[in-house]
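Student: Have a look at this one.
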Amino acid sequence: MRGWQGLAALAATFALSCVASGYLALAPARAANASADETWRGLADALFPHQTLSEDGTIIKLGTPLSAEDAALVPVTLHMNYTDPNLPLNDPRRVKKVTLVIDQNPAPVAAVFELGSKAGVSKIETRVRVNQNTKVHAVAETMDGKLYVSESFVAAAGGCSAPGGDTATAGGPPLGTIRVRAIKPEYVQSDARRKEAVVMIKHPNNTGMQMNQATHLYIPARYVETLRVTQGDDLIFAVTGGISISEDPNFRFDYVSNGSGEMKVDAADTKGTKFAKNAAVEPAM
Amino acid sequence: MAKRRTLLTALTLLGITLIGAQCPASGENAPIAPLPVREIAPGVYAHQAPVTAMNAASGGDIANLGFIVGDDAVAVIDTGGALVIGERLKKAIETVTHKPVRYVINTHEHPDHIFGNAAFVAPGVTFVGHKNLPRAMAARGPAYLATWRRVMTPALVDGIKLVPPTLLVGTDKDVRLDLGHRIIDLHAWPPMHTDCDVTIFDEKTATLFTGDLVFLQHVPVIDASVIGWMKALPALAKIPAKRVVPGHGTIDVDWPQALAAEKTYFTKLTQDLRGFIARGADINQAAKEAGQSEASKWQLFGVYNPRNATAGYAELEWQ
């Protein structure tokens, strides 16, 4: 069946892209009738073999809408160490990595975030595609190597195959355009020492699951694979993403400024195209 | 000679009667009640669907449908949210005319407008739609069937076949169909409600079928571009229609007054969204609060407004 051929090709593509982050692409062994718990156990075993995932809402907390208004554009928020903003940046409980998993999606690992050790990121909000009713998990790794998990549930369907790309308003910015928006300090919700910004990149993030009706071939997957945000020499965060990230990947985050006054974004997609943007962020406009 | 002619005539009449008789398709046992339709202009018929959600209770009958009868043939406009709705529409056509259906036009890809298509598949029937419609149906069809099978019950959804158009309308050129001394003009729009919206204008009576480019009572649903939709409203208003059938809500309404309510909604919603974006409010807050001043004017507002706000926020962020 073409569907499975398409998915197999997609899995292979994702496998290649995942080697760097150390994860094998998952053609998940999910039986059609597997319960949600069994599905998660299988994913967790594959992603974090022989490791305990503890629950601690002060380390990692996942925020999702209960029901997705638009399955192709579901806002997801990750809160890291957010109950204690004064936690020293080098405290062993500081989160250094977050894996976002949408259990029932064809490519369940939606994104892996690496957090800069000097940036103190306590919030990242992005938008994802949700293919069917699913549990969502965020697994955080702290500086001391421990793993913590937060679980949520989203009711939605059809996000991964929704037409995209050419539904963009005619005359919109070209593919690869990056915008950096600094949020004015009076509107930043987290603690005053942190700044907040939005990094967005114009990109169809094609899933490879849409069929060209004329040729009956699948439009090849082309999605933003890596995106890195730095201030001067310091990493704020980096993300390795997949097809579960919505069209026009969008990341809103807070961070502790290092005073460099500038933010740099570097991104690359699966076609090998690279994108970059330098932005002056302080003072915010 | 006279006797043979009489016999021939009798046999011919019998033949015509048999051909004309609308025998139920094999496999159908229960008689199908025709969908109620109203002749809103000579030869133009429309079905007023209830303004409600698509679920087991509504049985998929939530979108306005219609058909236009020419001297030679009939054009159908949308087929409903279940196979049985398409079948009931077909029955309604047959109670009104013996002329064959030649065209089935889908105004866009949403399930409440296309799920009844298979009821009309027959030799001589051409399915018509926006050039983007086949792709949209291929991309979303399986997910629609899976979702609605769950929401509406398997009985209503099993047997639905997705039938894409073969006659495509491009945005560069209208398609004009002749139903026999009756021209209907099909216009394909840039992304607005969806990325495959088509409107149908009956030149004889100046009746305009807008599909979901016009909503009344039912809150508008933004599935492609609110900016594109607002930009195109003046062009839509310029169509010299005497009456309009919207995709949802009261049929046979004056034009262009029918546009006023949704124009106000889009204006208020986008104003609110621009404010949220400028103030740095995030998409979740916007989904909860944008457009709320319009809530009392629309049905199903709580179901669709947060979605419209989410989609609109993501679109306006790039402005």
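Every number here is computed from the coordinates shown, using simple stated rules; none is lab data. Note that the structure is a prediction, hence the values are computed from the model and not measured. Please note: Cβ atoms are built from the backbone with ideal geometry, for glycine as well, and neighbour counts cover all protein chains shown.
Student: With charges set only on the Cβ (+1 for Lys and Arg, -1 for Asp and Glu), what does the dipole of segment B:126-175 come to about its Cα centre, in debye to the nearest 20?
Tutor: 160
Student: List B:Tyr103, A:Tyr82 from most exposed to least, where exposure is judged by having the fewest other Cβ atoms within 10 Å.
Tutor: Exposure proxy ranking, most exposed first: A:Tyr82, B:Tyr103.
Student: Over the alpha carbons of the protein assembly as shown, what is the largest minus smallest coordinate on each principal axis, giving the biggest first in Å?
Tutor: Principal-axis extents of the Cα atoms in the protein assembly as shown, largest first: 110, 49, 40 Å.
Student: Another one. Go through A:Leu73, A:Val229, B:Ala155 and say which Cα lies farthest out towards the positive end of the charge dipole of the protein assembly as shown; charges sit on Cβ, +1 for Lys and Arg, -1 for Asp and Glu.
Tutor: Positive-most Cα among the choices belongs to B:Ala155.
Student: Could you tell me what fraction of 2.2 N^0.38 Å the Cα radius of gyration of chain B comes to, as a two-decimal ratio?
Tutor: Compactness ratio reported: 1.08.
Student: Further, regarding this structure: Can you pull the mean other chain C-beta count within 10 Å for peptide B:138-147?
Tutor: 6
Student: Related question: How many angstrom lie between the Cα centre of segment B:169-215 and the Cα centre of segment B:249-319?
Tutor: Cα centres, segment B:169-215 to segment B:249-319: 25 Å.
Student: Same structure, new question: Below 8 Å, C-alpha to C-alpha, sequence gap of six or more: please give me the relative contact order for chain B in percent.
Tutor: 14
Student: Sorted by packing (mean other beta-carbon atoms within 10 Å per residue), highest first, where do B:190-199, A:41-50 land?
Tutor: B:190-199, A:41-50
Student: Under unit Cβ charges (Lys, Arg +1; Asp, Glu -1), what dipole magnitude, rounded to 20 debye, does segment B:93-191 have relative to its Cα centre?
Tutor: 160
Student: Have a look at B:Ala237, B:Ala278, B:Ala33 and tell me which one the Gaussian network model of chain B (Cα, springs below 10 Å) gives the largest fluctuation.
Tutor: B:Ala278
Student: OK, next. Given segment B:33-256, what percent of its DSSP beta bridges are antiparallel, to the nearest 5?
Tutor: Close to 60 percent.
Student: To the nearest 500 deg cm²/dmol, what mean residue ellipticity at 222 nm is calculated for the protein assembly as shown from DSSP H runs of n ≥ 4 alone, each contributing -39,500 (n - 2.57), summed and divided by the residues?
Tutor: It lands at -7500 deg cm²/dmol.
Student: If a helix is a whole DSSP H run, which ones in chain B reach 18 Å or further along their own axis (Cα) and hold a mean Kyte-Doolittle hydropathy of at least 0.5?
Tutor: B:2-20, B:226-238
Student: With unit charges on the beta carbon (Lys/Arg positive, Asp/Glu negative), name the residue among B:Gln48, B:Ala143, A:Asn205 whose Cα is farthest towards the positive pole of the charge dipole of the protein assembly as shown.
Tutor: B:Gln48
Student: Can you pull the mean other chain C-beta count within 10 Å for peptide B:278-288?
Tutor: Rounded to a whole number, the mean comes out at 5.
Student: Now, a different point. Magnitude of the Cβ-charge dipole of chain B, K/R +1 and D/E -1, about the Cα centre, nearest 20 debye?
Tutor: 680
Student: Under 1.5 on a/c is rounded, so check that first for segment B:225-319, then, if it is not, pick prolate when a/b is larger than b/c and oblate when it is not; a ≥ b ≥ c are the square roots of the alpha carbon gyration tensor eigenvalues.
Tutor: Here segment B:225-319 falls in the prolate category.
Student: Please tell me which of these pairs span more than 19 angstrom C-alpha to C-alpha: A:Lys202/B:Lys131; B:Lys204/B:Lys263; A:Lys96/A:Lys118; A:Lys195/A:Lys274; A:Lys277/B:Lys231; A:Lys184/B:Lys231?
Tutor: A:Lys202/B:Lys131; B:Lys204/B:Lys263; A:Lys195/A:Lys274; A:Lys277/B:Lys231; A:Lys184/B:Lys231
Student: Please identify, among B:Gly59, B:Gly70, B:Gly280, the residue showing maximal mean-square fluctuation in a Gaussian network model of chain B using a 10 angstrom Cα cutoff.
Tutor: B:Gly280
Student: If you count, for every residue in A:179-186, the Cβ atoms of partner chains within 10 Å of its Cβ, what is the mean?
Tutor: The per-residue average across the peptide is 2.
Student: Mind ordering A:268-278, B:122-132 by average Cβ neighbours within 10 Å, highest first?
Tutor: Result, highest mean first: B:122-132, A:268-278.
Student: If you don't mind, another one. Tell me which of B:Phe115, B:Phe127, B:Ala286 sits at the most positive position along the dipole axis of chain B, charges placed on C-beta atoms (Lys, Arg +1; Asp, Glu -1).
Tutor: Result: B:Phe127.
Student: OK, next. Classify segment B:105-240 as rounded, prolate or oblate, taking a ≥ b ≥ c as the square roots of the eigenvalues of its Cα gyration tensor: rounded when a/c is under 1.5, otherwise prolate if a/b is larger than b/c and oblate if not.
Tutor: Oblate.
Student: Now for a different question. If each residue's Cβ is checked for other Cβ atoms within 10 Å, how do B:Ile105, B:Ile32, A:Ile183, B:Ile283 rank with the fewest at the top?
Tutor: Final ranking by Cβ density, sparse to dense: B:Ile32, A:Ile183, B:Ile283, B:Ile105.
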